[in-house]
Amino acid sequence: MKKTLGLILPIIACFLLVASYYFSAKLLSPITLTKVDEEKIQQPISFSSFGLPDPETIRFQNGSLRLRGWYFKHSKKKNCGVILLHQFADSKLSLLPYAPMFWKLGCSLFFYDARAHGESDGTYSTYGYHEKMDLERAVEFFSEIDNTPEDRIGMFGVGFGGSTAIQFADGQYEYGFVIADAPFRDMRSYVEETLSLRYSHLIRLVLPLSLSLAELRGDFLVNDVSPLNTAKLITKPALVLFPGNTDGLEKNDAELIFANIKTKTKQLVSYQNALTRAETIKSPSLEYESHIQNFFKEYQLSK
């Protein structure tokens, strides 16, 4: 019996170690569009279909990392700019349907692929830990090329993008406002729920070691990736949105984050559909767009 256990235990330990290493890679490396794939998808896109002019292709650096995106200069700018931040395992292309809301309000626009996504450099995604410093550089660069003060530049993000925006808005940097659609409350709970749904609840057996390995590989601390904690430090206008037609997880995270925001200039709203489709073009639903317009009007974010 002892001899059998002596053989089985090392095998189990080896299996858990290999599984943990495998899932640490899954956590850090989103399946994203390659440059070739993005160019193929981009070919049929007409920016005019979204009511936008052709953008200026931009590149900016954060240390040795090069990030790539688009800049739309508004000819009738109302002293505001918006940086749009995409979801995990997505790219800047996914944000085009949201752009008309802010363009109509007179804001110049700035899109970019997050590190390890789309056309940008990078191997690992750290759920906002390093991305918030990329966003700091984006705000600085956007302010320089658009001649808009940093405190008039806001962030709009969906999912991972919204969570990054909240982590950025911790009082260390200049910004105008933050709009976060369906942000997660912290990385640990987010990956636990996501991987459990995708694979099995048995993933919880290897997740602690997977997260520890992810920390080593990505050079970050999982416990520091917490929009819930960062929300306490937000001092500028903040809008938190969540879909009202989901299982409640996104609603719970949004409500917890909203409750932690101390500033009085905050709003929490739900919506049924963020986007609607007209023929082949997606656009914001009237409900969703009205929430954005009301937020801008309430806090005079474009003037």
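The values are calculated or read from the model by the stated rules, or taken from the named source; none is laboratory data. This structure is a prediction, so every number in the text was calculated from the model and none was measured. Glycine gets a Cβ as well: all are built from the backbone with ideal geometry, and neighbour counts include every protein chain shown.
Points worth noting:
- Helices (runs of 4 or more DSSP H) contained in region 176-268 and holding at least 1 residues within 28 Å of Thr148 (Cα to Cα) and among the polar types (S, T, N, Q): 227-230
Each row is one residue, and each column tells you yes or no for (1) free of Cβ contacts under 8 Å to residues at least 60 places away in the same chain; (2) among the β-branched types (Val, Ile, Thr); (3) out of contact with any helix residue (DSSP H, G or I) (no Cβ under 6 Å at 6 or more places or on another chain); (4) closer than 30 Å to Leu216 by Cβ.
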site: Arg68; (1), (2), (3), (4): yes, no, yes, yes
site: His74; (1), (2), (3), (4): yes, no, yes, no
site: Leu84; (1), (2), (3), (4): no, no, no, no
site: Leu93; (1), (2), (3), (4): no, no, yes, no
site: Ala116; (1), (2), (3), (4): no, no, yes, yes
site: Lys132; (1), (2), (3), (4): yes, no, no, yes
site: Val139; (1), (2), (3), (4): yes, yes, no, yes
site: Ser143; (1), (2), (3), (4): no, no, no, no
site: Asn147; (1), (2), (3), (4): yes, no, yes, no
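Results for (1) at pLDDT 90 or above; (2) within 25 Å of the chain's Cα centre (by Cα), shown as yes or no for each residue.
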| residue | (1), (2) |
| --- | --- |
| Thr4 | no, no |
| Leu7 | no, no |
| Cys14 | no, no |
| Asp37 | no, yes |
| Ile45 | no, yes |
| Gly51 | yes, yes |
| Asp54 | yes, yes |
| Arg59 | yes, yes |
| Leu65 | yes, yes |
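- Residue match in region 272-291 (condition: outside any strand (DSSP E or B), in contact (Cβ under 8 Å) with a residue 60 or more places away in the chain and of a type in the set (Gly, Ala, Ser)): yes
- When region 193-218 is limited to residues that are under 30 Å from Gly154 (Cα atoms) and in contact (Cβ under 8 Å) with a residue 12 or more places away in the chain, the one that is surrounded by the most Cβ atoms within 10 Å (Cβ to Cβ) turns out to be Gly218.
- In region 144-159, of all residues being more than 16 Å from the chain's Cα centre (by Cα) and within 15 Å of Phe72 (Cβ to Cβ), the one that is surrounded by the fewest Cβ atoms within 10 Å (Cβ to Cβ) corresponds to Asn147.
- All conditions in (1) basic (Lys, Arg); (2) within 16 Å of Ala169 (Cβ to Cβ); (3) touching a Phe, Trp or Tyr at 6+ places or on another chain (Cβ under 7 Å) hold for Arg217, with the sole exception of (2).
- Taking the criterion of being within 20 Å of Met187 (Cα to Cα) and either of a type outside the set (Phe, Trp, Tyr) or part of a strand (DSSP E or B) (or both), the residues of region 70-90 that qualify are Leu85, His86, Gln87, Ala89, Asp90.
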